[in-house]
Amino acid sequence: MSPKPKHMTTWEAQVIDTFTHIQTRLDGAPHLLRLGRLFSEIVLIEVDGDEYYLTFDKGRITSVVEGPSRKTPWRFALRTDADALSQFWQARPAPRFHDIFGLVKIGRGRIDGDILSLVKNLRFFKEVMGLARASEEVAA
Amino acid sequence: MSIEPITGRYLTVTVQGAPRRIYFEEAGNGRPVLCLHTAGADTRQWRHLMNDAEITASNRLIAFDMPWHGKSLPPEGFETEEYLLTTEAYIETVLAVIDGLGLDRPVLAGCSMGGRIALQLAALHGHTFSGFIAIEASDFQPAWYDIDWFHRPDAHGGEMGAALVSANISPFAPNAERWNTLWMFMQSGPGVFRGDLSFYTKDDSLIPRLPTIDTRKTPVHIIVGAYDLTCTPEDAKRTADAIPGATLAVMDELGHFPMSEHPDGFRPFFVDALDRMPLQAAKAA
């Protein structure tokens, strides 16, 4: 459905790998699957202008596909940059990089689309995004 | 088994011409320290300090649930009322509790909206207090979110509110205390967090009052966490700079709910703040 990327950079491959990692960790997190049981939507994650579509079905991520795709009906989008996302995924991020709203507040992130859908599933989505964080034990 | 030294009781005071049944807790003996919770929460935020024997050996810590919060019921007729906290009602409530409990010039310690009102009280009723510990407190912040999201029929305000304010908690916070802190927001009554935030994000009347605060009579110490997205260290510094003689401490590893989210991390900053306050309230003239 989505065009295959012609030239996937190392960073783009890392992003795909990271979201695939999130997908696996989500499958092993019963509490998140319970929180997200009513969430069946496509979320657009935009990183430095590159688009990635996460398809959720009843709380599970069923596909991670790189865009662009004008035909993919995403529900809401988180747009950020690679450095901000990399900092966000640190075990203990620096202030302002520790939450998606921190990124928004410092102008390193933007959220748009159907905000009500995000609001209804805010804890679920934030915790899913945080699944790529290194464990705190590593950082301690 | 263990029984904590915190005791809880109720008092009824009159605010805005009508009775308010207010729940309060206290622990310790000595200098009275009145503690104000944040928006959307209650006295449980202060429980760690109230259980700290070293602190309560010489300080009588008192915290109360604002009307609509915790165990303090909303006023009669609330079912048809839109809850919107105002500076005037908040000040009247704090003063009524002080009067009702017979507190003699307490230290006032408030966090977030409690810190905001502490600074308002420093400007308008400084003589009633012996000093001010304003935590995560600043002159004014417009909302960086739409506060109406917190109260609508098609989204759970408590769960949404907790998920949003988790942005204000430091990644250094112990996980158990992070979630104990968020639980209070999950339990908050419908529309209460929104009504608190209406006060916090729309009333900028404190800004011109800051230079009038007389810290020679009542010291003002501001404490802020680096992970606070709502009241940032820059916000707190701007506020401290506007109050002649005010002091400021930045906590590198804490967020917006320091006494609750990371009690051990906050303790030394609170002890330092208490040390900056007069040991005994000066007798009223």
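Assorted remarks:
- In nm, spacing of pseudo-spin labels at B:Glu76 and A:Ala82 (7 Å Cα→C-beta vector): 6.7 nm
- Each label was represented as a point 7 Å from its Cα along the Cα-to-Cβ direction; for B:Val271 and B:His127 these points are 3.6 nm apart.
- Using the Cβ-Cβ distance between A:Ile115 and B:Asp252 with R0 = 45 Å, the FRET efficiency computed as 1/(1 + (r/R0)^6) comes to roughly 0.90.
- Extension reserve of the B:Asp154-B:Arg238 stretch, reckoned as 0.36 nm per residue once the Cα distance is removed: 26.4 nm
- Mean ellipticity per residue at 222 nm, deg cm²/dmol - from DSSP H runs of n ≥ 4 across chain B, formula -39500 (n - 2.57): -9500 deg cm²/dmol
- For B:Ile223, nonlocal amide neighbours, meaning residues 5 or more places apart or on other chains whose placed amide H falls under 5 Å from its own, are B:Ala134, B:Ile135, B:Glu136, B:Ala137, B:Ala249.
- Normalised by the number of residues in chain B, the mean separation of alpha-carbon contacts (under 8 Å, six or more apart) gives a relative contact order of 20 percent.
- The charge dipole of region A:10-134, taken about its Cα centre with unit charges on the Cβ of Lys, Arg, Asp and Glu (plus for the first two, minus for the last two), comes to roughly 620 debye.
- Principal axis extents of the C-alpha atoms in chain B (largest first, rounded to whole Å): 53, 51, 41.
- Inter-label distance, nm, simple model (7 Å from Cα along the C-beta direction), A:Lys71/A:Leu38: 3.2 nm
- Stokes-Einstein D (µm²/s) once Rh is taken as the Kirkwood radius of chain A over alpha-carbon pairs, at 25 °C in 0.890 mPa s: 161 µm²/s
- Estimated FRET transfer efficiency (A:Lys58, B:Lys202; beta-carbon r; R0 41 Å; 0.05): 0.55
- When all alpha carbon pairs of region A:75-140 are counted in 5 Å bins from zero, the resulting P(r) reads 4, 18, 26, 26, 16, 7, 2, 1 %.
- Here the Karplus curve 6.51 cos²θ - 1.76 cosθ + 1.60, taken at θ = phi - 60°, turns the phi angles of region B:220-231 into couplings of 10, 10, 9, 10, 9, x, 5, 8, 7, 7, 7, 10 Hz, with x standing for Gly and Pro.
- Taking amide hydrogens as placed 1.01 Å from N in the peptide plane, the amide H of B:Cys35 sits under 5 Å from those of B:Ile62, B:Ala63, B:Phe64, B:Ala109, each at least 5 positions away in sequence or on another chain.
- 10 Å Cβ neighbours from other chains, averaged over peptide B:162-171: 6
- Efficiency of FRET between A:Ala134 and B:Leu84 - r from beta-carbon atoms, R0 45 angstrom, step 0.05: 0.55
- Each DSSP beta bridge with both residues in region A:10-134 is either parallel or antiparallel, and the antiparallel ones are about 75%.
- Computed over the protein assembly as shown, the percent of Cα pairs more than 27 Å apart is 53.
- Given +1 at the Cβ of Lys and Arg, -1 at the Cβ of Asp and Glu and no other charges, the dipole of the protein assembly as shown around its Cα centre is 200 debye to the nearest 20.
- Of the cross-linked pairs A:Lys71/A:Lys126; A:Lys58/A:Lys120; A:Lys58/A:Lys126, those separated by over 19 Å at the C-alpha level are A:Lys71/A:Lys126.
- Residue order, fewest to most surrounding Cβ atoms within 10 angstrom, among B:Ser2, A:Ser117: B:Ser2, A:Ser117
- The phi-based Karplus calculation (6.51 cos²θ - 1.76 cosθ + 1.60; θ = phi - 60°) puts the 3J(HN,Hα) values of region B:133-139 at 10, 9, 9, 6, 10, 8, 5 Hz, whole numbers, x for Gly and Pro.
- Mean Kyte hydropathy of 0.5 or more with a Cα span along the axis of at least 20 Å, helices from DSSP in chain B: B:87-101
Only the coordinates and a few stated rules stand behind these numbers; no lab work does. In this text the structure is predicted, and so the values were computed from the model without any measurement. In this analysis, Cβ positions are derived from the backbone assuming ideal geometry, glycine residues included, and neighbour counts consider all displayed protein chains.
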